[in-house]
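Following: one structure in structure tokens, then a few remarks.
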Amino acid sequence: MNSFWSLVGYEYKKILHKKSVRVVLLLAVIVSAFSVGGTLFGNSYVDGEVFESNYDAMVKDRAYARALAGRKLDGKLIMEAVSAYVEIPQTDKYSDTVEYQTIARPYSEIYLISRTIFDTASRRFNMGDFQALTDEQVKQFYVTRRDKQVQLVEGTGMSNKAKEQMLALDAQIETPFTFSYTGGYTRFFVIMYTCGLAAAFVMAICVAPLFSGEYTLGADQLILASKHGKNRLIAAKLFTGFSLAAAICLALTAAGYAFSMCIFGFDGGEAPLQLLYALVALPTDHGASGAASRSLHLFRLPDDIGNYHAAFRKAKIAFRCNYTCWPIVDCSNVCLYLRSKYRTAQSVPYPPNKYDGILGRDRWYPIRAFRTGGQAILVSASVCGWGKCITCAICIPCFQKSSDCLNQVPIAVILFKQFMPFGIVFCNY
Amino acid sequence: MELTLDRVTKHYGSKIACDRISLTLHPGVYGLLGANGAGKTTLMRMMCGVLVPTFGSITYDGIDVSCEDYRDALGYLPQEFGYYPEFSALDFMLYIATLKGIPKLRAREKARELLELVSLEKEAKKKIKTFSGGMKQRLGVAQSMLNDPKILILDEPTAGLDPKERVRFRNLISRLGADRIVLLSTHIVSDVEHIAGTILVMKDGRLIHQGALEEIIRTIEGRVWECIVPQALVDSLCERYPAINMRQEGKDVFLRLVGDEKPCDSAIAVQAALEDLYLYYFSEVNAK
């Protein structure tokens with residue numbers, strides 16, 4: 001076994017010693033930084049003159065949002081926002097008005113959240129509608145949201161039991177939401193859409209020559225004539241390929257997270273995910289989403305980790321990863337289940353077809369959770385859709401010897417996409 | 001200790017690279033001679049498990065060539081092979097040692113010992129991309145001996161080495177052949193002549209001769225001629241007979257030729273050498 005790890009080490013050495021690999025990695029980090037901060041370049045104009053830079057706008061909006069942080073998103077706050085928006089005169093471009101800039105802009109986040117709730121299939125909720133919101137309508141904010149959620153879930157092809165579970169989860173969401181500034185997380189979630197492409201680019205350069213490089217260099221004969229050249233080395237190369245792909249995903253994600261947080265701010269880890277995705281049916285927060293879907297809990301503050309645990313304990317059976325849709329390739333979201341109730345001493349495959357289909361084009365993908373004597377959990381996920389299927393697996397160390405560790409171990413599960421062939425990290429505290 | 005080849009055949013489409021080669025090798029040094037394209041490298045690659053024979057079998061003490069145990073007993077220096085340019089000589093040796101399943105501590109010790117043997121100890125930590133052709137070749141020879149192989153297959157091991165290194169390697173290979181099977185192919189006939197106990201001659205994928213040097217040479221005994229001829233005759237003689245040696249001697253030319261018949265009246269039969277045999281079988285004149 002030692003020689004296996006030595007071979008893995010040499011494979012890494014071969015890859016990382018290449019100048020092209022180092023250049024590509026650096027490029028990917030630069031692209032990641034630019035993806036995060038790119039929106040801050042440029043200015044906004046009023047009457048052909050520079051009004052403010054995008055960076056200044058972000059700083060200003062962040063300050064406004066921070067001023068409202070901690071307040072409950074209830075009828076009072078929404079009506080406060082409505083009152084401010086009422087001051088805006090009817091013009092073609094309301095954002096250019098002094099009234100908007102001075103009175104309404106501090107509540108722009110509230111307007112944006114309200115819009116997602118009050119939008120209907122036939123009519124897009126606009127600024128005029130917001131100005132006209134009545135006290136009665138505002139009081140029905142969470143009821144409207146719930147109705148919309150029910151409608152969405154009912155419209156899916158899930159089994160009735162799955163629908164019930166989905167709605168039960170939704171019912172667990174604490175309302176009213178506590179408002180918080182979430183600019184860093186929002187940006188992080190957005191750039192994850194393209195992170196897969198950058199990762200794929202890096203992987204193509206790094207992983208492609210894993211086998212072919214030996215032929216190109218002419219080292220194949222030496223390898224094939226050696227004792228471990230036809231078996232252990234192949235396993236070592238495969239492991240290197242998978243682990244490197246995971247490491248690249250993780251590194252780029254970490255870079256994206258770090259850039260997002262440093263530029264836009266660390267706030268919002270504890271804010272409910274519904275502030276960003278109003279119709280997500282899981283009682284979890286931004287931090288938990290980011291951590292679980294990208295294993296970034298390692299980079300987060302301890303109190304967030306606590307929340308993350310709590311969120312998972314509450315969610316228990318499901319986690320919906322709400323991003324990493326690469327629209328050109330495949331728009332499906334990857335949904336991973338982790339079932340705590342399947343925790344016998346034997347390896348129990350997860351029922352693959354029990355939960356399938358959620359929210360239109362999104363899918364639940366079956367995940368298999370296996371127990372191995374309480375020491376580790378093997379999670380494998382099959383991502384299927386549009387005629388493609390990828391199965392990945394990873395072993396999650398579990399340091400507790402408790403027989404029901406599956407229930408206790410908070411697991412952050414990462415997504416497997418066509419562009420994200422591998423990547424999972426998790427932890428246990 | 002016996003390496004057995006039983007009707008080993010390799011086809012590439014309609015081309016037969018090796019044709020029903022049967023051999024039994026025991027400890028000792030075997031020299032494989034043959035022109036380019038004779039099938040030497042193909043045969044060696046099959047013996048190393050790099051190529052799979054189309055037909056026939058290769059076994060070492062009953063272990064098939066495809067088995068890990070066979071490769072465990074094997075050391076191979078390919079004719080042309082690649083190095084990882086960013087690796088140092090020591091890294092490369094340790095990597096090959098890992099591939100050969102040698103424990104780490106032993107590998108480090110053995111790698112240093114072999115690097116010293118091939119006079120690369122001072123360059124052990126230098127990157128291979130800075131090495132000359134000869135240094136790379138020495139490194140190649142060193143890696144082939146890492147696992148103290150029972151079967152050592154060397155495809156042109158002395159190519160690129162200076163005469164001093166060549167002599168050193170010849171002596172080393174000679175010593176190694178005492179308790180293992182060493183098969184080497186080379187175009188440098190004198191190397192084979194000096195160290196190979198048994199010479200194997202391949203032509204067009206077939207083994208046409210095998211035996212000790214004296215036995216092999218006997219096949220052309222009485223067919224090697226030396227003569228001094230006028231310049232005008234040189235071209236016509238060289239067209240009919242493979243010329244082994246040609247030297248200007250005043251207005252005339254000294255020729256050493258191989259042929260079944262006396263090439264000219266002044267020619268005298270001389271003692272044959274391995275190079276004569278090589279040219280006799282592989283010269284363009286005979287190929288025609």
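The values are calculated or read from the model by the stated rules, or taken from the named source; none is laboratory data. Bear in mind that the values here come from a model prediction, so they are computed numbers and not experimental data. All Cβ positions, glycine included, derive from the backbone under ideal geometry; neighbour counts span all protein chains shown. Surface areas here come from the heavy atoms of the whole protein model, side chains and all, with no ligands, DNA or RNA. Shrake-Rupley method; radii C 1.70, N 1.55, O 1.52, S 1.80 Å.
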Label-point gap, in nm, between residue A:151 and residue B:247 - each point 7 angstrom along Cα→Cβ: 10.6
With only Lys, Arg, Asp and Glu charged, each at its Cβ (+1 for the first two, -1 for the last two), find how big the charge dipole of the range A:71-116 is about the Cα centre; round to the nearest 20 debye. 220
Cα-based Rg of the range B:16-97 per 2.2 N^0.38 Å, rounded to two decimals? 1.26
Kirkwood Rh (inverse of mean 1/r, distinct Cα pairs), chain B, angstrom: 20.6
Return the FRET efficiency for the residue pair residue A:64, residue B:88: r is the Cβ-Cβ distance, R0 is 60 Å, and the value is rounded to the nearest 0.05. 0.55
Net charge contributed by nearby residues that have their C-beta within less than 14 Å of residue B:110 (K/R +1, D/E -1): 0
At 1.4 Å probe size, put A:88, A:103 in order of accessible surface, largest to smallest. A:103, A:88
Lys, Arg +1 and Asp, Glu -1 on Cβ, resulting dipole of the range A:43-159 about Cα centre, debye, nearest 20: 580
For the range A:66-210, what is the relative contact order in percent, using Cα pairs closer than 8 Å and at least 6 residues apart in sequence? 33
Relative contact order for chain B: what percent, with Cα pairs under 8 Å and sequence separation of 6 or more? 20
The range B:137-171 and the range A:23-43: distance between their alpha carbon centers, rounded to Å: 52
With a point put 7 Å past each Cα toward its Cβ, work out how far residue B:52 is from residue B:104 in nm, to one decimal. 3.6
Across peptide B:77-88, how many C-beta atoms of other chains are within 10 Å of each residue C-beta, on average? 5
Residue B:18 long-range amide H proximity, modeled H, under 5 Å: B:10
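If you put +1 on each Lys and Arg Cβ and -1 on each Asp and Glu Cβ, how big is the dipole of the range B:224-287 around its Cα centre, in Debye rounded to 20? Walk me through the intermediate numbers first.
Numbers: 5 positive and 11 negative charges, 23 e Å.
It works out to roughly 120 debye.
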Projecting each Cα onto the charge dipole of the range B:224-287 (Lys/Arg +1, Asp/Glu -1 at the beta carbon, about the Cα centre), which of B:227, B:242, B:282 comes out farthest on the positive side? B:227
Exposure of residue B:113 as accessible area (Å², to 10), given a probe of 1.4 Å and all protein chains: 90
If you rank B:216, A:263 by how much accessible surface each has, with a 1.4 Å probe, what is the order from largest down? A:263, B:216
State log₁₀ I(q)/I(0) for the range B:224-287 at q = 0.21, 0.27, 0.29 Å⁻¹ as given by the Debye formula over alpha-carbon point scatterers of equal weight, solvent excluded. -0.77, -1.22, -1.36
Sequence of A:61, A:170 from largest to smallest accessible area, 1.4 Å probe: A:61, A:170
Express the Stokes-Einstein translational diffusion coefficient of the range A:15-83 in µm² s⁻¹, to the nearest whole number, given a Kirkwood radius over alpha-carbon pairs, 10 °C and a viscosity of 1.306 mPa s. 100
Provide the FRET efficiency to the nearest 0.05 for the residue A:120-residue A:210 pair, computing r from the beta carbons and using R0 = 56 Å. 0.60
